[in-house]
Structures are given as structure tokens and as C-alpha cells.
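Visitor: Here you go, one structure.
The values are calculated or read from the model by the stated rules, or taken from the named source; none is laboratory data. The shown structure was predicted, so the numbers you read here are calculated from the model rather than taken from an experiment. As a convention, Cβ positions derive from the backbone with ideal geometry for all residues, glycine included, and neighbour counts pool all protein chains shown.
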Amino acid sequence: METNETGLPLVFVHGTRVSGTMWRPLIHAIGDRHPTAAPDLPGHGARRGEPFSIPGAVEAVAEAVDELGGRALLVGLSLGGYVTLATAAAHPDRVLGAVAMGCTTLPRGLFGAVYRGAARLAAGHPREANRLSAFAFRRALPRTHARAMVSGGLSCEITPSVVRSVQEMEPLAALSAYPGPVWLVNGERDHFRRDERLFLRACRDGRLIVRPGCGHLTSLTDTTELTRHVLDAAAVVTARTYGASTPEETQ
């Protein structure tokens, strides 16, 4: 079992069509304060070509947690946020806390239809969609972050199964089932925050953070602020798990 002597383990969960490399700037900023892992989900990165499913993604994250000692704080963005919630509900004894970013919407109705249509279009023309995604990352993000998004490879062909899997999820039920602390983190301009109040009410121990001026991806650009959010969450989880004081308690 892990101890807090080298910091609480952190597992980062990536978004659709990218890979675990997207977290490199944040992991670099955290440095050696915490053991970290950023696994590739099925169908992405080194696992491109494998079928995607939520259970398979949960298994990949749980394996990464086990490699770090068996318990960890999870941090996920977009698809990674939904997978983080599913993993927390499936393995509450192994997930000590969850930071779920850009994933507080129920992608159904008209929004869901647009989501499915874009996924089908991307999968029908994966090379063009991969190039367009890389271009969009370069336009929206600083060079270091854009490079991290694409360096593990892009896999737009997997998007229809990802969308279908997310739409079949019950994230509110997952939140209701999970007893640990949850941080719902959204950019102010993120189109995936429209149901954030429903998600917050579903949490048994939740809090909502809205980052001013940020969108879905640009939440990653202020690495200093994002690092602070993750380290603050880790401090709370560490205090609850090991009885250590949080920064607020020592001031």
C-alpha cells in the first residue's frame, strides 16, 4: 500500500482522440511532489486500434492506480472526466478523490445529436479530421501544450464509439454512488458545463470550480493555476486519508 511520504499518487485521464501525453505540461509542473501516471485508454495512443468502451477505459485507469500502489487521486478532462467518474463509482476503495474537468453535461437531445454527427464525420475522414484537430490544438493552445496533445498520436476514427459510450453512461448515478470528494472544474466558456448544477447536486461530497475566461481546452493553458487546483485537491485527500493538515489548516 502507498504512503504519503512521496506524495499522494495522481492518475491523469485524457480526452477523446488524444492520449496520455496531453498531460505532460501539468505533470512536468507537478514535478516530483507526487507519483503520477497518464495511461492511454483503449483506442487511443499506444492502444490505437483497440475497441473503446467505458468498462475497458475504467480497467485501464484502475491498472494505472494499481501500478502506483493501489489508491490515487484521479484527474480527467472531457472524456477523461467521464471515465474518472465511472472509475470512482466502480472502485471507490481505490479512488481517493476525483477532479473531473469539462464533463458536466448530459450529451443528449439536440446537443447529443450534434455530438454524434461530428463524431461520424470525423470517423469517416480520419486523416483529415486528425489534421484539423492538430491545427485546432495549435490555434487554441500554447506551443508546448499543443505539442503534448498530438505527440502521442490522434485517433479520430474512435470518436463514434466514444460518443456512444458516453451517451450510454449514467454520470449522475456514478456521482451519487461515489462517497469520496469530487471537484467539478469547468472553464467559464466550456460548452460541456451546461448541467453542472445537476452534477454538483448528485455529488455526495462535491464542489464546483469555474475558471474565468477558459473554454473546454483552454482550461489547460494556465498551468500554474491548474496545478494549484490539483495540488489543493491532493492536499485535501491526503489530510482525509492520512490525517495530515491541509495548507488552509496550517495558516
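Visitor: Output the number of the condition that Ala146 fails; it satisfies all remaining conditions of (1) without any contact (Cβ under 8 Å) to a residue 60 or more places away in the chain; (2) in contact with a strand residue (DSSP E or B) (Cβ under 7 Å, 6 or more places away or on another chain); (3) not hydroxyl-bearing (Ser, Thr, Tyr).
Guide: Of everything listed in (1) without any contact (Cβ under 8 Å) to a residue 60 or more places away in the chain; (2) in contact with a strand residue (DSSP E or B) (Cβ under 7 Å, 6 or more places away or on another chain); (3) not hydroxyl-bearing (Ser, Thr, Tyr), Ala146 misses just condition (2).
Visitor: Cβ contacts < 8 Å: first residue of a type in the set (D, E, K, R), restricted to the stretch 197-208; second residue modelled with pLDDT of 95 or more and surrounded by fewer than 16 Cβ atoms within 10 Å (Cβ to Cβ), any location; separation 6+ or different chain. Result?
Guide: Short answer, once both residue conditions are applied: Arg204/Ser176; Arg204/Pro179; Asp205/Pro179; Arg207/Leu200.
Visitor: Out of curiosity, is Ala202 closer than 14 Å to Val75 by Cα and either of a type in the set (A, V, I, L, M, F, W, C) or modelled with pLDDT of 95 or more (or both)?
Guide: No.
Visitor: Moving on. Whether any residue in the stretch 207-218 is modelled with pLDDT of 95 or more and either charged (D, E, K, R) or buried (at least 17 other Cβ atoms within 10 Å of the Cβ) (or both) is what I want to check.
Guide: yes
Visitor: Give me the pairs, please: first residue somewhere in the stretch 218-239 and more than 17 Å from Gly31 (Cβ to Cβ), second residue anywhere and of a type in the set (S, T, N, Q) and surrounded by fewer than 17 Cβ atoms within 10 Å (Cβ to Cβ), beta-carbon distance under 6 Å, and either six or more positions apart or on two chains.
Guide: These pairs meet every condition: Val236/Thr246; Ala239/Thr246.
Visitor: Which of the residues that make up the stretch 97-124 are within 17 Å of Leu184 (Cβ to Cβ) and either surrounded by fewer than 18 Cβ atoms within 10 Å (Cβ to Cβ) or not β-branched (Val, Ile, Thr) (or both)?
Guide: Hits for the stretch 97-124 are Gly97, Ala98, Ala100, Met101, Gly102, Cys103, Leu106, Pro107.
Visitor: May I pose another question? Take the residues in the stretch 160-175 that are surrounded by fewer than 16 Cβ atoms within 10 Å (Cβ to Cβ) and touching a residue at least 60 places away in the same chain (Cβ under 8 Å), then tell me which one is farthest from Leu121 (Cα to Cα).
Guide: The residue in question is Ala173.
Visitor: Going through the stretch 130-145 one residue at a time, which ones are farther than 16 Å from Ser78 by Cβ and hydrophobic (A, V, I, L, M, F, W, C)?
Guide: Result: Leu132, Ala134, Phe135.
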